[in-house]
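Shown next, in structure tokens, is the structure this report addresses.
The values are calculated or read from the model by the stated rules, or taken from the named source; none is laboratory data. Values in this document were obtained by computation on a predicted structure and should not be read as measured data. For neighbour counting, all protein chains shown are included, and Cβ atoms are generated from backbone atoms with ideal geometry for every residue, glycine included.
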Amino acid sequence: MSDTLETKPVKVATSRGGMVATAFSHATEAGAEMLRNAGNAVDAAVAAAFALGVCEPQASGIGGQTMMLISTGERTVALDGSSRAPSLASNDSISGDGRLVGYRATTVPSTPATLAYAQKRWGSLPLARVLEPAIRIATEGYRITDLQNRLQERELESFSRVPSGSGARYFLSGGSPWPVGALFKQPDLAETLRRLAEHGVEDFYQGEIARRIDADMRANDGLLRLDDLALIPWPVLRRTIRSHFRGFRVHTMPPPGAGRALALALNMIDQLEPNFFRHLDPARYQVLAEVFRKAMRVRNDSPFDPNLYAQVDFKQMLSRKFARGSLRRILKGVDRGLLEEMQPARERSGETTHLSTIDRNGMAVSLTQSIERVYGSKAAAAGLGFLYNNYVMDFQFSDPAHPFYLRPNSVPWATVAPTILTRDEKVWMAVGSPGSERIFSTITQFLTHVIDGGMNLEDAMRAPRMHCSSGGKISMEANRFDPRIVEHLEAQGYKLDRLEDYAFYLGAIHAVTRADDGTCHGVAEARRDGSAGGPA
């Protein structure tokens, strides 16, 4: 593979043969390679997802979990690839720092099972073929980016908290960050991926790879066992959350994902005139902040695990009547029922990656996957070359009645919201973002800029961003907003987190669209290492 990172990643692309937008140029090329070789959108997405686990290891990998939406336009489904808590997991067995760092912080990885399931059911190429780009990248290496160098520097202390030093050995250079531009090869991971290609993902859960994971966990006081892996966390097929926005049908991720927050935010904005946020009236940005705050607060106050209860339609939260009432209270000024004493809620700092694909026939995939925090648990599988996730941190630990309370074989709460928009039973856009609790607000702003603001994909992606937490803290690229807006929000009593321009913290849009004439467009995030591309 050529060292594509020696040139600036392409952020915007056009093709009539389909489109791929991911967080790394090598992964984008992996997906485009599938489209050039008679593959469909699922082949492209699975190839890109495996590749991201190699060239963006800080965000995802085969030790994590994957959620996705797949659409033909006429039918859109959600694939819930939640990981599972080990059978030995409990409040007593995992406490304090052990929920964040080290071997006990990991759940049963579901990414291999989820990607293989999607490939077998909807893909058109063999899994071994789809794995080829990821194996090639791991074998030949890729160039370390400035972002990866900075994240490694930021996480040095966390790496040092793993006594075995396994994560540091695999992903640091002698205990220090890899220099920008250094060629990073992963021979152990390449061999693991070759084994998946030869023996199937069942080997990860019931074969030699599973036995090596079990031995590694036992040697390092971890909780994951061969019996946990052998159950194989195959994904669950679920109905998407569906709503309408400006004439588009919006499909997004049901629980345990956070599509409900996105749907409520869009439902509230849909009650406003399309040009509402085109004006620089500072009060209108307070409305936007409160829309985000309301959506996240309602979602947090109504946790729902579809594995424990029959799936429902969330009629209240997704109803137009509820959205109108919520917006009406916001427009009256400040929603006093939300403000309370402006106590900041606990903020989640996990990270993720997102990719979107669409093929020449209009099939599309919106896929979000993660190992939770940057570089996950900071512990790596010995001899296998991948990082274990730290999804244990996403469970609830104080209320046994909570749907996401830590218990054996339970699933963690998630903030992902992969999204697909259709019109006249044809896919128009697949879109998503990483960014933990900022995911839904990042997608909301992007869609508002494109649909209401008339911006092209690149301008909408580059537009300044903000987010309001359920506790009332506004994080924003303050220098990129009109000073009057910043001053107004501060005067209203919000705690402002003034971020740098094009802040990593505020997500990363990766979106693809398909026009009626078959032309596909893609955009990748300028705030990170993303790229967009398709068959020539």
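Things to note:
- Considered as a group, the residues in the range 307-327 that are in a loop (DSSP other than H, G, I, E, B) and either surrounded by 10 or more Cβ atoms within 10 Å (Cβ to Cβ) or basic (Lys, Arg) (or both) include one that is modelled with the highest pLDDT, and that residue is 319.
- Selection from the range 445-491 of residues that are of a type in the set (S, T, N, Q) and closer than 30 Å to residue 520 by Cα: 445, 448, 456
- Among the residues of the range 415-471, those that are over 24 Å from residue 18 (Cα atoms) and of a type in the set (Lys, Arg) comprise 438, 465.
- Here residue 52 meets the list (1) outside the structural domain of residue 121 (by TED's automatic domain parsing); (2) modelled with pLDDT of 95 or more almost entirely, failing just condition (1).
- Scanning the range 374-407 for residues that are in contact with a helix residue (DSSP H, G or I) (Cβ under 9 Å, 6 or more places away or on another chain), assigned to a loop (DSSP other than H, G, I, E, B) and modelled with pLDDT under 95 yields a count of 4.
- Residues of the range 133-180 classified as among the acidic types (Asp, Glu) and closer than 16 Å to residue 388 by Cα, total: 1
- Scanning the range 360-405 for residues that are basic (Lys, Arg) and within 22 Å of the chain's Cα centre (by Cα) returns 373, 378.
- Top-ranked residue of the range 125-182 - restricted to ones that are buried (at least 16 other Cβ atoms within 10 Å of the Cβ) and of a type in the set (S, T, N, Q), ranked as farthest from residue 374 (Cα to Cα): 139
Per-residue answers, yes or no, for (1) surrounded by fewer than 22 Cβ atoms within 10 Å (Cβ to Cβ); (2) touching a residue at least 12 places away in the same chain (Cβ under 8 Å):
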{"site": "80", "(1), (2)": "no, yes"}
{"site": "85", "(1), (2)": "no, yes"}
{"site": "93", "(1), (2)": "yes, yes"}
{"site": "97", "(1), (2)": "yes, yes"}
{"site": "100", "(1), (2)": "yes, yes"}
{"site": "109", "(1), (2)": "no, yes"}
{"site": "115", "(1), (2)": "no, yes"}
{"site": "120", "(1), (2)": "yes, no"}
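- When the residues of the range 9-44 are filtered to those that are at pLDDT 95 or above, among the β-branched types (Val, Ile, Thr) and closer than 8 Å to residue 531 by Cβ, the one that is surrounded by the fewest Cβ atoms within 10 Å (Cβ to Cβ) is 28.
- Which numbered condition residue 58 fails, given (1) within 19 Å of residue 112 (Cα to Cα); (2) crowded, with 24+ Cβ neighbours inside 10 Å: (2)
- Filtered residues of the range 474-499 (kept if under 22 Å from the mean Cα position of the chain (by Cα) and surrounded by fewer than 21 Cβ atoms within 10 Å (Cβ to Cβ)): 477, 499
- Residues in the range 108-129 that are part of a loop (DSSP other than H, G, I, E, B) and more than 22 Å from the chain's Cα centre (by Cα): 124, 125, 126.
- Selection within the range 168-185 - part of a helix (DSSP H, G or I) and more than 22 Å from the chain's Cα centre (by Cα): 168, 169, 170
- Filtered residues of the range 64-119 (kept if over 16 Å from residue 377 (Cβ atoms) and of a type in the set (Ser, Thr, Tyr)): 66, 71, 72, 76, 82, 87, 90, 114, 117
- Annotation note: of 415, 352, the sole residue that is in contact with a Lys or Arg (Cβ under 8 Å, 6 or more places away or on another chain), crowded, with 24+ Cβ neighbours inside 10 Å, closer than 30 Å to residue 269 by Cβ and at pLDDT below 95 is 415.
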